[in-house]
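Everything on this sheet refers to the single structure shown next.
The values are calculated or read from the model by the stated rules, or taken from the named source; none is laboratory data. Just so we're clear, the structure is a prediction, and the values are computed from it rather than from any experiment. All Cβ positions, even for glycine, are placed from backbone atoms using ideal geometry, and neighbour counts span all protein chains on display. SASA here: full protein model, heavy atoms, side chains in, ligands and nucleic acids out. Shrake-Rupley method; radii C 1.70, N 1.55, O 1.52, S 1.80 Å.
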Amino acid sequence: MAVHRHSSIAALIAASWIIGFLSPADLLAQSRRHQAGDGPNKSTHTDVAVGQMVDALLSPNLSSVAPAKKVRRRQKPRFHQPSAPRSNLRGTLVNNPDTSDGSSEFALVDRYGGVLRYVEPVDDVDLEMHVGETVAVRHDTGDILLASQLDFSRSSTADGGVQLAAYEEELIGPGMEEGTIIEPMPDDALYLDTGIDFGGCSQCGVYPCRQRNGCSPGTRGILYARAEYLIWWFNGMDIPPLVVEGEADDDDFVNARIVYGNEEILDENRDGLRLRIGLWLDDCGQWAIEGDYIGFDELTSRYTNGGDGVTLPYVGRPFTDDTTGLNAVQDVSFPGIRGTVTVDASSKFNSFGVRLRHNICCVAGNCGCGDPVSCGVGVGGCGSGVGCGGRRGTRRIDFLFGIRYANLRESLIITEDLRTMEIQVPQTDIYGQDRFYTKNEFFGGELGFLWEWECRRWSLELLSLLAIGNNRQTVDISGFTSRNTNQGGGWETKDGLLLTQTTNIGSYARNEFSVIPQIGATVGFQMTPRFRFTGGYTLMYWGNVVRPGDQIDQNVNPDYLNYTTVDDGAPFSPKFAFNETDLWAHGLNFGGEYRW
């Protein structure tokens, strides 16, 4: 007992002797740093020596203190730390981005990002390879630890998170507040200090979303907006033969050849705009609400043909005589009649969606290969070292679920403007139209995934969406013919012209199941801390749509073309029937994204 008492007294005397070498200036500087509250004190040779002496007093297994050895990089003493009683302190090892105050380049942080301890490197421990791991502390000696005091064999916890045991309330460094963020945001960036609690941060493999780099809280910002200029191509509208040219044989139209129709129209590129705006609901970038809008200018086409009734070729409109089954032509420019036929077509598409965005996986940069099952494979496979000097970048997978609305409106209008020649008695003016309008309105639920990869200034997004719901199909068919015999009776009008008659004129609607899948890839380049230039490609499909050209029935009963009563039992034509098709759209996207 006496031996231990004398040893303790000798140790206290030695500690007092070492502390006596501190100059009044050193004591004053340390006092000021404590009062300023700017952060923990900078480690000095004397601080480390005193810490080692206290370790010797508290640890029965510590018999001696190793002589000081300078670290070449930081010119700080290194002490050998024998085994000591284990503490319950755990934390995540991260790089300290701000060492301007003299603090170490490594630190232990708690689950909220607050600094627990700064860690000084030693020669025989490579701290960089353990960055991002949750490590234990063998023996806690205060604000600054040596790397040799960390226990990397206990770096994994049952849940992959950070445990603080009973020390959570006490482990706040001098001059620091609870929840201090180790990775600061830009000086002018907004930061959401609190957010809605949706159950904490998700994990991917063994890498928690609160890791350093891209998976740290606040790195996804609060608000983001992306605007893109679109150059897309849609598959064209199918139309039957609508205009022919030929010759005359007495009163018959012969040698007819199709000059317009029996083809796709409106297949040119379309200019459009896509907007996407989102708001993150929590600091960790786990939940967001976002909306997007896609709209295109109305695409139109026009075709006109005709003649004076004298010059070849003659012009007419083809149809099938439903009473005989033979091909026939309605004259537009033919001996005895002059006129023109014009075909106008238009198409307009837009869509918008609102959805929730939930992060289900986040792997921070410089974190190895990760878990192939849980998405850790990433770009280029394990060990490929794509970019970032061998780092794999930050990878995320977000799950998207919400609602989608889409609208496709199209029309096809055929106009005749005719006049009989003076040899015809009475001379008659004729004007009429066949009009076909279609509208598709989709509304349904939408699910999808967004995979992101970010490395230095570059980023890559892969998007997949699937909307499932109801498509409201509407077809409106109308037409008229007006004639004026120029005998004072004025204009006389009836329903229908050629392809529209009382047999198919009307408004028809029905509901059909439909799907709208969409995939896309976007490459981004970070121009400024907030602005990113983007460019990419999108492919979209819409099943079960109705389009005007498919609703035309070219079987016509000629009796309906005259201002006479149709005999009972005559063919009831043209008829209406819903004819569906598919819509494909794909194209290039160029724009930018701004984050707050």
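A few comments on the model shown:
- Residues of region 131-154 that are part of a loop (DSSP other than H, G, I, E, B), open to solvent by less than 50 Å² (accessible area, probe 1.4 Å) and closer than 13 Å to VAL94 by Cα: VAL131, GLY132.
- Strands (runs of 3 or more DSSP E) completely within region 424-513 that count 3 or more residues being touching a residue at least 24 places away in the same chain (Cβ under 8 Å): 429-455, 458-484
- When residues of region 275-289 are limited to those that are more than 11 Å from VAL354 (Cα to Cα) and open to solvent by 30 Å² or more (accessible area, probe 1.4 Å), the one farthest from the chain's Cα centre (by Cα): ASP283
- Selection of region 106-130 for residues being open to solvent by 20 Å² or more (accessible area, probe 1.4 Å) and in contact (Cβ under 8 Å) with a residue 40 or more places away in the chain yields ARG111, TYR112, TYR118, ASP123.
- Selected residue (criterion: modelled with the highest pLDDT) from residues of region 202-234 that are open to solvent by 40 Å² or more (accessible area, probe 1.4 Å) and in a loop (DSSP other than H, G, I, E, B): THR219
- Selection status of ARG472, of a type in the set (D, E, K, R), modelled with pLDDT of 95 or more and surrounded by fewer than 14 Cβ atoms within 10 Å (Cβ to Cβ): no
- Test for ILE265: is it in contact (Cβ under 8 Å) with a residue 12 or more places away in the chain and in contact with a Pro (Cβ under 6 Å, 6 or more places away or on another chain): no
- When region 563-578 is filtered for residues that are modelled with pLDDT of 80 or more, open to solvent by less than 100 Å² (accessible area, probe 1.4 Å) and of a type in the set (Phe, Trp, Tyr), the ones remaining, listed by number, are PHE576, PHE578.
- From the list GLY524, GLY543, the lone residue that is assigned to a strand (DSSP E or B) and surrounded by 19 or more Cβ atoms within 10 Å (Cβ to Cβ) is GLY524.
- Flag for PHE443 being within 25 Å of PHE578 (Cβ to Cβ), surrounded by 15 or more Cβ atoms within 10 Å (Cβ to Cβ) and out of contact with any helix residue (DSSP H, G or I) (no Cβ under 9 Å at 6 or more places or on another chain): yes
- Consider region 290-311 and keep the residues that are buried (at least 18 other Cβ atoms within 10 Å of the Cβ) and over 30 Å from VAL354 (Cβ atoms). The one that is modelled with the lowest pLDDT is GLY309.
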